[in-house]
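Okay, structure first, notes after.
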Amino acid sequence: MHLGAVVEYDGTRYAGFQRQKREITIQEEIEKALASATQEQTKIVGAGRTDAGVHAIGQVISFSTAWKRSLSELQRALNALLPSDIAILELLEVSPDFHARKSALSRKYQYTIFNRPVRSPLSRLYAYRWVGELDLEAMREALGSLIGVHDFASFGRARPGGSTMCQMLEVDCHREGDYIYIDLVANAFLKRMVRTIVGTLLLVGRGELSPQGFKEVLEARDRSRGGGLLPAHGLCFTKVSYPRRDAI
């Protein structure tokens with residue numbers, strides 16, 4: 001049986017999604033829970049290889065199992081075995097050729113900025129705090145230059161054997177109270193790409209870089225031109241989109 005699952009996790013104490021030799025990861029914890037529940041050694045595939053400290057509410061995984069009982073029982077077993085900062089939100093049977101990463105059409109990430117002078121203890125693990133004023137109109141204008149197919153080498157690096165070319169499908173920047181949300185939807189993301197884009201975008205919001213200057217950074221294809229790398233705790237992997245036949 002081939003399964004797909006939607007996973008939520010607080011990435012604070014993990015070294016990212018993908019297994020590592022000496023660090024605890026999301027993949028390791030899920031595979032341990034699967035082994036305990038099914039008595040099988042199962043390898044999972046994730047839609048996105050989130051970095052250390054990055055959170056998710058819409059990570060998707062796929063795996064195969066010989067589990068014979070109901071999927072609701074497997075979901076309950078996994079959630080009972082997983083640590084409290086990881087949860088299986090949905091679990092369903094998918095087509096045999098479904099692959100959480102390769103079948104994906106797009107991925108969506110959201111970066112959260114907490115923007116007020118007084119800190120918020122409750123948001124400190126999930127939002128990056130910026131005290132000063134930010135020009136959201138200028139930030140929105142700058143983000144617009146990302147739409148389309150571009151070489152994003154100024155904002156990140158490719159995985160081994162990969163390309164720095166990506167197609168940005170949607171961008172958004174909006175405020176809700178003290179929170180500013182930056183949403184990016186693309187067919188693929190480079191390592192640390194979102195955090196570097198938002199770091200450069202902050203320069204625009206602070207008036208240190210114009211929207212045209214932001215576009216020139218993109219076109220330079222030079223990592224030294226990008227802004228600073230923002231902390232991982234403000235980033236959340238929110239959604240993966242698939243063809244209708246692979247809907248999950």
All positions within the range 145-167 that are of a type in the set (Gly, Ala, Ser) and surrounded by 15 or more Cβ atoms within 10 Å (Cβ to Cβ): Ser145, Ala153, Ser154, Gly156, Ala158
Considering only residues that are surrounded by fewer than 16 Cβ atoms within 10 Å (Cβ to Cβ) and in contact (Cβ under 8 Å) with a residue 60 or more places away in the chain, which ones fall in the range 72-103? Asp85, Leu89, Glu90, Leu92, Glu93, Ser95, Pro96
Looking across the range 120-137 at residues that are assigned to a loop (DSSP other than H, G, I, E, B) and among the hydroxyl-bearing types (Ser, Thr, Tyr), the single one that is nearest to Leu235 (Cα to Cα) is Tyr126
Test result for Met165, among the hydrophobic types (A, V, I, L, M, F, W, C) and within 24 Å of Val60 (Cβ to Cβ): yes
For the range 80-120, what are the residues that are hydrophobic (A, V, I, L, M, F, W, C) and over 21 Å from the mean Cα position of the chain (by Cα)? Ala80, Leu81, Leu92, Val94, Val118
With the requirement that a residue be part of a loop (DSSP other than H, G, I, E, B) and among the polar types (S, T, N, Q), what does the range 24-56 give you? Thr25, Gln39, Gln41, Thr42, Thr50
Within the range 79-96, is even one residue at pLDDT 95 or above, part of a helix (DSSP H, G or I), more than 30 Å from Gly234 (Cβ to Cβ) and not assigned by TED's automatic domain parsing to the domain that holds Ala127? yes
Is it true that Ala66 is of a type in the set (A, V, I, L, M, F, W, C), closer than 24 Å to Lys102 by Cα, in a loop (DSSP other than H, G, I, E, B) and not assigned by TED's automatic domain parsing to the domain that holds Asp183? yes
Considering residues of the range 224-248 that are charged (D, E, K, R) and surrounded by fewer than 17 Cβ atoms within 10 Å (Cβ to Cβ) only, the residue nearest to Phe98 (Cα to Cα): Arg245
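Considering only the range 104-119, state which residues are out of contact with any Pro (no Cβ under 8 Å at 6 or more places or on another chain) and not in a strand (DSSP E or B).
Ala104, Asn115, Arg116, Pro117, Val118, Arg119
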Condition met for Leu230 (at pLDDT 95 or above, in the same structural domain as Ala153 (by TED's automatic domain parsing), within 20 Å of the chain's Cα centre (by Cα) and in a loop (DSSP other than H, G, I, E, B)): yes
Quick check, is Ser62 closer than 27 Å to Arg244 by Cα, touching a His at 6+ places or on another chain (Cβ under 9 Å) and not basic (Lys, Arg)? yes
Some residue of the range 128-141 being within 28 Å of Met1 (Cα to Cα), buried (at least 16 other Cβ atoms within 10 Å of the Cβ), in contact with a strand residue (DSSP E or B) (Cβ under 8 Å, 6 or more places away or on another chain) and among the hydrophobic types (A, V, I, L, M, F, W, C): no
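The values are calculated or read from the model by the stated rules, or taken from the named source; none is laboratory data. For clarity, every value in this text was computed on a predicted model and none was experimentally measured. Here Cβ is always computed from backbone atoms with ideal geometry, including for glycine, and neighbour counts include all displayed protein chains.
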